[in-house]
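The block underneath contains the structure these notes are about, expressed in structure tokens.
Any read-out appearing in this document is the output of simple, stated calculations on the displayed coordinates, not a laboratory observation. Treat the numbers as computed from the prediction; the structure is a model and nothing was measured. Neighbour counts run over all protein chains shown; Cβ positions are idealised from the backbone, glycine included.
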Amino acid sequence: MPVKLNNYDLSKHVIILTGATDGIGKEMARILSLFNPKRLILPARNKVKGNNLLEYIKFSNGHINNIEIWDMDLEDLQSVKNFANKFIKEIGELHILINNAGIIVQNQIIKTKDNFELQFQVNHLAPFLLTLMLLDTMKKSVSAELPGKIALTSSEANKFGEIDFDNLNLEKGSYLNPFQAYGNTKLMNVLVTKELSRIVQNENITTYSLHPGVIITNINHLNRNYLNYLLYILLIISRVEITTEQGAINVLYPVFSHENKETGKYYKDGVEEEPNKVAYDQEVAKKLWDVSEKILKNHGMI
């Protein structure tokens, strides 16, 4: 039975939502705007899509007064760093961070300007950097009465994922199977959520990783044959395809539901689910966190 979202008062909440110009992110932005957020910041690398998003929300419900489109490109770590620094300087408070943006790449290696494999950077390293840079701001902003929430949109593909610390950058063969490479990064999302939950366990911050459901959305760098292949695999897992609106609700429901007080959990279709068993290996989670930090330090990002 599909989960349903109640009406929430977010008038005290400053929110960042990535990946809002397409798919479930677009619907999440629309839904969040209905809850009257104090400020809703929507990073976008494409200004035209950003403006179209504002028009879509305005046409849908007219609530755009507290919504802002900011420049950020997850394929450029300096852009992520610039966004975070600007946010800290100009806003300085944060209550909800939803790392929703993601990508799947066909059977090839595509490098970013930072010389990382595209999926590794967009699905893991860039949102990790954004979270890391904004964590202190959130700690200072939240309280027991106004708790913080950090969510990462993962996928059931995490259950096929593997963590190979000699091949985190996905260059040694796994790119030949796009589902495997994608699954690896989605498992990284779950592991980061788990480790982050331990780091902020006394900070009034709850973390979530979430599978929204199987939805046909605009997936860059993937031809139709591979998209059909991935959807076929995911449909076998989930058994049903859903709408983008329901996918958005499936992500937002666990984040806002008063029933979900435990941190670091994984949710499928809005309901708590067991992730890949690797997610329970604290040593792997901590090592991934530490290695990711080291990579960013080596690139002068932190």
So who's got an amide H within less than 5 Å of the one on residue 70, skipping anything under 5 residues away but keeping other chains? H placed 1.01 Å off N, in plane.
-> 42, 44
Using a basic spin-label model with each label point 7 Å from the Cα along Cα→Cβ, how many nm lie between residue 48 and residue 61?
-> 2.8 nm
Return the distance in nm (one decimal) between the two label points of a simple spin-label model at residue 76 and residue 298, each offset 7 Å from Cα along Cα→Cβ.
-> 2.4 nm
Result row for the chain, helices from DSSP H with C-alpha axial extent 27 Å or more and mean Kyte hydropathy at least -0.5, is 178-199
Arrange 156, 90, 272 by Cβ neighbour counts within 10 Å, fewest through most, would you?
-> 90, 272, 156
Long-range amide H partners of residue 270 with built H, under 5 Å | 211
So what's the back-of-envelope 222 nm ellipticity for the chain, counting only DSSP H runs of four-plus at -39500 (n - 2.57) apiece and dividing by all residues, rounded to 500?
-> -13500 deg cm²/dmol
Toy charge model, Lys and Arg Cβ at +1, Asp and Glu Cβ at -1: the range 14-298 dipole around Cα centroid in debye, rounded to 20, equals 440 debye
Between residue 277 and residue 39, what length in nm is gained on full extension when 0.36 nm per residue of separation is reduced by their alpha carbon distance?
-> 82.0 nm
What order do you get for 120-129, 287-296, 97-106 when each peptide is scored by the mean count of other beta carbon atoms within 10 Å, highest first?
-> 120-129, 97-106, 287-296
HN-Hα couplings for the range 97-106 via Karplus (6.51, -1.76, 1.60; θ = phi - 60°), in whole Hz with x for Gly/Pro, come out as 10, 10, 7, 9, 4, x, 8, 10, 10, 5
Between their Cα atoms, which of 81/297; 89/140; 12/139; 81/159 are more than 19 Å away from each other?
-> 81/159
For the range 43-98 versus the range 258-282, the gap between their alpha-carbon centres in whole angstrom | 28 Å
